[in-house]
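Working notes for the structure below.
Nothing in this text is a laboratory measurement; each read-out follows from the coordinates by a stated rule. Since the model is a prediction, treat every value here as computed from it, not as a measurement. Using ideal geometry, Cβ is built from the backbone for each residue, glycine included, and neighbour counts are taken over all protein chains shown.
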Amino acid sequence: MDPAADRTMVLNMGPQHPSTHGVLRLLIEIDGETIVRMMPDIGYLHTGIEKTTEAKFYQQVVPLTDRIDYLCPMTNNLAYCLAVEKLLGLEIPPRAQWIRVMLNELTRINSHLVWLGTHAMDIGAMTVFLYCFREREDVLRLFEMVSGQRMMTSYFRIGGLALDLPLGFLDRLKKFADRFPGNVDEYENLLTANPIFMERTKGVAYISAEDAIALGTTGPTLRASGVDTDLRRDEPYSGYENFKFKVPVRTEGDVYARYLCRVQELRESCSIVQQAIAGLPEGRYKADAPKVVLPDRENMKTQMESLIYHFKIVTEGFTVPAGEVYQAIESPRGEMGYYIVSDGTAKPYRVHMRSPSFANLQALPKMCEGRMIADVVAAIGSIDIVLGDCDR
Amino acid sequence: MPLAPAVTDINLLKDRLEVARLLEWNTAAVAGAKFDRNELTIWIERAHLLDAMTLLRDDTQLRFNLLSDVTCVDWYPSEPRFEVVYELRSIQRNKRLRIKVKLGSDDARIPSVIGIWLSSNFFEREVFDLFGIHFEGHPYLRRIMMPEDWEGHPMRKDYPVEGYR
């Protein structure tokens, strides 16, 4: 990028920077303190996950999907599993669907806590970071209880879940969900009416609804500009039609509006978790499809056909009828979609991840042109990008 | 729950609004349609792509204002080799549509839809980087994922998973 005139300078906000939330490189052409042009440069975290999935069986792709958007791993798992289940035409039992919703919303809380902590810390409010990570520690312990892993859970499988919920999980989750709205009140106490926070975020990085839609923005970034769209409500998946929740929409379109949207989403997610705990149905935790879903462990040890099915699925994978599918879900960042093309074999022909951060990043230059360098930090935090999601 | 078989005959799909509007506008532009697993896919000829996309965005009955994704599938070694896939969404009507364009391997050029939806900027750069399809009219068609001096297009089927280095 070359400076357009003699009086401008190109500043490199390099891939290593504490405020870019990952390896994002921004080339900013500045005239004094004002930004004239901005260009994001990504690809530093590109690991070729889409290419790798073509060499693996369908069930082996699930751990790969965890690592794409590493702040909401269960959301990626869910999107992929739903896409493959749509390709197969597989019906998931209600208990598995409710547990998926419960854990998906817990993951949304997890992701928004990191967003809030790091965004506030970039702006200068360091206390909020530790408060958020205190709650995040509880959520990570819950994840460890359910799947054995704190972060890269890989708990969802094609056909349901890997294992049923352990004993005592629902009690601990209920204690967390009862306590959590009080914690959100704490964060709001520190930030929402804080004059310094409001100075730094009100009117900053404004984007209008038309520009946001034209640039492909989705999620809270779009909802804060006044567009009322949420895939959980508009295209319900995995049983979301059974839950009552509000979709926060604001019209100001600046960093403060996005902050308010996401904080309200924290509260709504907690309410969905409470509804899921209260109404969790009994039943199977994975679908009854012997050729696709691994059989129950006890059956596998005592019956011959179950053992054969288990062996076949693990060593040769299961074939998926040819076709293609695009399944989009609402991740904490926006519309996360999986476009999967199958050619009838046990390995996917093409898996493409439509990642929300990749699309939302295109809105960043529009938001920042004409503003000052310090506002860039606030804007990046407010879009909530994750570079693993961006680059895959 | 068994899958319903895919409907691939365009005559059976003529009652769908998107297919009907496109055929009404220009029958030569539509090369085929498919309704499978509750999703509608329409194949468009490359020559009519920009006009068809403008119609899809601006027509008051269709209003596909959000371009969710632009991607590509490589069908090597069969011809036509590449299939560029556009995922469209109408926020007001809450509907999705998939548009596909087939390209041959020796003619991998397609007009860019950046004049219609600005969000195609990064998406088309990614398809250029990983598949080698040239988007005509894109203001800054450079590599986005791979380093600037990389040779080859990694997502093509004749490029090994392990890479060359």
key: Two-decimal Rg/Rh across segment A:68-150, once Rg and the Kirkwood Rh are taken from alpha-carbon atoms   = 1.09
ask   = Given the options A:Ala322, A:Ala79, A:Ala224, which has the most mean-square fluctuation in a GNM of chain A, springs set between C-alpha atoms less than 10 angstrom apart?
value = A:Ala322
task = Evaluate peptide A:358-367: per residue, the Cβ atoms of other protein chains within 10 Å of its Cβ; return the mean as an integer.
result = 3
key: Simple spin-label estimate for A:Asn242 and B:Asn26 in nanometres, 7 Å along Cα-Cβ   = 4.8
request  = Could you tell me which of A:Leu88, B:Asn121, A:Cys368 has its Cα farthest along the dipole of the protein assembly as shown towards the positive end, charges placed at Cβ (Lys, Arg +1; Asp, Glu -1), taken about the Cα centre?
outcome  = A:Leu88
key: A:Glu252 versus B:Arg109: modelled label distance in nm, points set 7 Å from Cα along the beta carbon direction   = 5.0
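Per the helix-only calculation at 222 nm, which mean residue ellipticity applies to the protein assembly as shown, given -39500 (n - 2.57) for every DSSP H run of n ≥ 4 and division by its residues, nearest 500 deg cm²/dmol?
Working: 20 runs with 224 residues, N = 557.
Per the formula, -12000 deg cm²/dmol.
Could you work out, residue by residue across B:115-126, how many beta carbons of other chains sit within 10 Å of that residue's beta carbon, and then give the average as an integer?
On the way: counts 0, 1, 4, 8, 12, 4, 5, 9, 5, 0, 1, 8.
Mean number of neighbouring Cβ atoms from other chains: 5.
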query = P(r) for segment A:291-346: what percent of alpha-carbon pairs falls in each 10 Å bin, starting at zero?
reply = 22, 30, 25, 20, 3
Residue order, fewest to most beta carbons within 10 Å, for A:Glu369, A:Glu241 = A:Glu241, A:Glu369
ask   = Which Rg and Dmax, in Å, describe the Cα atoms of chain A?
value = 21.8, 79
inquiry  = Just to be sure I understand: if I project the alpha-carbon convex hull of segment B:74-114 onto a plane and average over all orientations, what area do I get in nm²?
reply    = 3.5
remark   = segment B:10-136: antiparallel bridges as % of DSSP beta bridges, rounded to 5, reads 80
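Could you work out how much longer the chain between A:Asp178 and A:Thr127 gets when fully extended? Use 0.36 nm per residue separation minus the Cα distance between them, nm to one decimal.
16.1 nm
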task = Grab the other residues whose beta carbon is less than 10 angstrom from that of A:Gly323, score K and R as +1, D and E as -1, and report the net.
result = -1
key: Neighbour-count ranking [beta-carbon atoms within 10 angstrom, fewest first] of A:Glu91, A:Glu330, A:Glu235   = A:Glu91, A:Glu235, A:Glu330
key: Whole-Å semi-axes of chain B's equivalent ellipsoid (Cα gyration tensor)   = 29, 19, 14
message = How charged is the neighbourhood of A:Trp98? Take every other residue with its Cβ under 13 Å from the Cβ of A:Trp98, and add Lys/Arg as +1 and Asp/Glu as -1.
response = -1
